[in-house]
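One structure is given here, and the rest of the page talks about it.
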Amino acid sequence: MKQFISVEDVPGVPQIADIALDYKKNPFKDKGLGENKTLGMIFLNPSLRTRLSTQVAARNLGMEVVVFNIDKEGWALEMNDGVVMNGSTTEHVKEAAAVMGQYFDIMAIRTFPGLKDKEEDYTEKYINQFIKYAGKPIVSLESATLHPLQSLTDVITIRERWNQPRKPKVVMTWAPHVRALPQAVPNSFAQWMNAWGEVDFVITHPEGYELDPKFSGKAPIIHNQKEALEGADFVYVKNWSSYKDYGKITCTDQSWMVTNETLKDTNNASVMHCLPVRRNVVIADEVLDGPQSIVIQEAGNRTWAAQAVLSEILKAR
Amino acid sequence: MKQFISVEDVPGVPQIADIALDYKKNPFKDKGLGENKTLGMIFLNPSLRTRLSTQVAARNLGMEVVVFNIDKEGWALEMNDGVVMNGSTTEHVKEAAAVMGQYFDIMAIRTFPGLKDKEEDYTEKYINQFIKYAGKPIVSLESATLHPLQSLTDVITIRERWNQPRKPKVVMTWAPHVRALPQAVPNSFAQWMNAWGEVDFVITHPEGYELDPKFSGKAPIIHNQKEALEGADFVYVKNWSSYKDYGKITCTDQSWMVTNETLKDTNNASVMHCLPVRRNVVIADEVLDGPQSIVIQEAGNRTWAAQAVLSEILKAR
Amino acid sequence: MKQFISVEDVPGVPQIADIALDYKKNPFKDKGLGENKTLGMIFLNPSLRTRLSTQVAARNLGMEVVVFNIDKEGWALEMNDGVVMNGSTTEHVKEAAAVMGQYFDIMAIRTFPGLKDKEEDYTEKYINQFIKYAGKPIVSLESATLHPLQSLTDVITIRERWNQPRKPKVVMTWAPHVRALPQAVPNSFAQWMNAWGEVDFVITHPEGYELDPKFSGKAPIIHNQKEALEGADFVYVKNWSSYKDYGKITCTDQSWMVTNETLKDTNNASVMHCLPVRRNVVIADEVLDGPQSIVIQEAGNRTWAAQAVLSEILKAR
């Protein structure tokens, strides 16, 4: 594997999922693989799960890890070409990425969308600059439009829990939030579910919240949450801001919050969320504290997803 | 040992002190003990000694260490139950603690008191939420009301310097400060001195600065600093804000600052302070720069206290 | 080697350069040298290259590394003696340095000039306080007036590229900038070029930008950039603020920016810069993106410079 930016970079969804689940059983089996290799983890915005799990995963493989919050410990990067840099940016990404590529064997980058300019966000300007200039394999720790480490985690979480011969019904439901959030997690989840193919995948959200069809693909979109959730085996909850009316909050209908009532007609569905989750806004306490929530197990699986990705990149070098 | 929150968690004060002093002689003797174990160090407020010494101690035991300044690198945690999280907090401690518990084998947490609500602070709401939800052993890097790593350090510092058959006289004296500080260090020092029992322990402070009797116990409280310090072998200097008039500064009398004059009637006492110390406010330059100050040796011992604690927790798992 | 603050600390410029270039060929040959030794990296201001390359260098030698952004993760240090600390500083450098010296085997410090008080900056008050109180070898990660890790890097970069019998002509040229920058990099580069002696070293800058003669030494100073650059083999580009009119910007003449036109009469010179560089202010895109720029190779060499320095200090202990 040469990089990890989207599902298109993996040899196959079931294959990479199995590698991850193997590491869950035996975290230290490849401790020599990363010897004398350094992972640089570069954050342009804050992170908890992604940072901590990836750091642990890299150490499980014997890699050195350097964490660098460039926004806080460094300075503002210039992302545009041809600019006269007499303003607030101190260094161009051309230099910053290329220089970091001199120090690290793999670079993991967390970027984010501005949610103002759809074109800029959806061309993945930031992470693509790193890919272009770093000269080393890049692992996305979430980019403007995708969050593949989260989605791989979600695949392995469903995979390890599902042991019936039929395909599970997986429903991704929009839920309310007080801030305008990226579409990265839902885009990515849809992309991976579609690529995986071993699930019946359905999306439900209010009208106007359609995702970029490049990611939602052929998944049925149902605007009635109740109808969509019927018989669901897994309910994947997530807020996102509008793609159509880009970056805007066009629905604040609290009836979309996931409660026990919401889950009534599911097949005793397991409830997933990438976290952090705002309680009693996105999902009610009764669900998060109840037996159907698997959000902690899901977050724990982040380590094995990251370890699978790093190991495949190390093996390819 | 299952956790380290207060003196009540240790098998015995002399026992744990001896383990620490053994590590001081031979820091790397247990380098295999922490193999493939990760310590997560979570800071909700800044720290110098505690962070650096605990990080070094964990590495001496072969542990991986992940430092996470959640206040700066992450986001604000919600600590209250049942809240509709539509405000400034991004994640509930229920999730944050449980998730971090998935990644770490031991979690060390630094919390702090608000100094507004005595009840909230003295029920140790913050660290108790981590204990409740992390599912892994918790080490206090200072909590709202106690600082046990500091106190264990203080025990070993006294223990290694005192070689006479009689008990040393140890006097903890309040000193002035310009800001309202927690009672954690003096509470904890009193708790450990009382539990240790191998010292004659006396407390001196202005009226109105009585500590919670749960911690000061049966230690004599003398409001006349001069009288209290007579014949002292160790003078433990610390400011704290009022427990009675909670979180307030009710005395600014600079005559409580520790100077050479203050120490005149002591038994050439060694002067201790947990640091950081505001010079010429809490303790005069002449004392800190003079032969009686042992504050640097004391700070150096932080490593061995942390190493003893981590090793005992690792051995119990 | 006992410390690394300036060129005066090294056994000899070619010797230390060769040690660095040996590590470039074989980064892990001394992985046992730093076993059970900890490097404390203390930042009083931000850093990218210096931090990342030194961290990687120390790990290549098997050292533990603790990075501490004291300005962000800690608190403000008091640097003046005899002060009544009732203001904004929380801890005196006397304690902070001495305490960190208890935890670390080598301490690397990044300080900076205020650019207000020449006397204070040029007596290197900050780093000298650390040298005085830490009790452990100090490595400068850039101080108020010098940046020796950068200069050693520059020496090895020139050394590895130059394979002709004659001495290369190395010209350091001032270039414009929008902010008032320290003189540390140009002072240090001049000091090392002069000490090295294996180059023909020339300085060019507008009038009023003369460096402290202690550092520029006998190097010819030419105020006409075009004339100075004639036949240059290496062009070292850097902005600095005035030393004479201390800390001020007295020239904003954009004709000093380095373009392809500027380089026309050089000997197809290699262009160097310590980075970060403001594009199209200090150096034009056409140069940085063209074949004469060696700034990325130069930045990559930071690792080997740091590794040489750390190894020499470790060997001397």
If I filter region C:111-120 for residues that are under 22 Å from C:S53 (Cα atoms) and of a type outside the set (S, T, Y), do I get at least one hit? yes
Screening C:T252, C:T262 for residues that are more than 13 Å from chain A (Cβ to nearest Cβ) and in a loop (DSSP other than H, G, I, E, B) leaves only C:T262
For region A:83-111, how many residues are in a loop (DSSP other than H, G, I, E, B) and either buried (at least 17 other Cβ atoms within 10 Å of the Cβ) or among the aliphatic types (A, V, I, L, M) (or both)? 8
Need the failing condition index for C:T89 against (1) over 27 Å from B:F28 (Cα atoms); (2) at the interface with another protein chain (Cβ under 7 Å from one of its Cβ atoms), just the number. (2)
Which listed residue is touching a strand residue (DSSP E or B) at 6+ places or on another chain (Cβ under 7 Å), more than 14 Å from chain C (Cβ to nearest Cβ) and farther than 21 Å from B:A299 by Cα, from B:S216, B:S270: B:S216
Among the helices (runs of 4 or more DSSP H) lying completely within region C:1-74, list those that include at least 2 residues that are more than 19 Å from C:Q102 (Cα to Cα) and away from every other protein chain (no Cβ under 11 Å). C:13-25
Quick one: in region B:121-134, of everything that is under 24 Å from B:L52 (Cβ atoms) and more than 17 Å from the chain's Cα centre (by Cα), which residue is surrounded by the fewest Cβ atoms within 10 Å (Cβ to Cβ)? B:A134
Taking C:A97 and the conditions (1) over 22 Å from B:V295 (Cα atoms); (2) within 14 Å of chain B (Cβ to nearest Cβ), which numbered condition does it fall short on, given that it satisfies the others? (1)
So which residues in region B:32-53 are within 21 Å of C:E35 (Cβ to Cβ) and hydroxyl-bearing (S, T, Y), if there are any at all? B:T38, B:S53
Which residue out of B:W240, B:W192 is assigned to a loop (DSSP other than H, G, I, E, B) and crowded, with 16+ Cβ neighbours inside 10 Å? B:W240
Matching entry among A:E312, A:E210, A:E286, A:E298 (being in a helix (DSSP H, G or I), surrounded by fewer than 23 Cβ atoms within 10 Å (Cβ to Cβ), under 21 Å from the mean Cα position of the chain (by Cα) and touching a residue at least 12 places away in the same chain (Cβ under 8 Å)): A:E312
Taking only region C:167-206 into account, find how many residues are among the acidic types (D, E) and free of Cβ contacts under 8 Å to residues at least 40 places away in the same chain. 1
How many residues are part of a strand (DSSP E or B) and modelled with pLDDT under 95 if we restrict to region A:112-151? 0
Between residues in region B:245-264 that are touching a residue at least 60 places away in the same chain (Cβ under 8 Å) and residues that are among the basic types (K, R) and assigned to a helix (DSSP H, G or I), which pairs lie under 6 Å by C-beta distance while being six or more apart or on different chains? B:Y246/B:K118
Checked against (1) more than 14 Å from every other protein chain (Cβ to nearest Cβ); (2) in contact with a strand residue (DSSP E or B) (Cβ under 7 Å, 6 or more places away or on another chain); (3) over 22 Å from C:G247 (Cα atoms), C:L152 satisfies every condition except (2)
Criterion (in the same structural domain as C:H177 (by TED's automatic domain parsing) and out of contact with any Pro (no Cβ under 8 Å at 6 or more places or on another chain)) met by exactly one of C:A232, C:A306: C:A232
Name the residues in region A:195-207 that are over 21 Å from the mean Cα position of the chain (by Cα) and either acidic (D, E) or not in a loop (DSSP other than H, G, I, E, B) (or both), would you? A:E207
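The values are calculated or read from the model by the stated rules, or taken from the named source; none is laboratory data. These numbers were taken from a predicted model, which means no experiment stands behind them. Backbone-built Cβ (ideal geometry, glycine too); neighbour counts: all protein chains shown.
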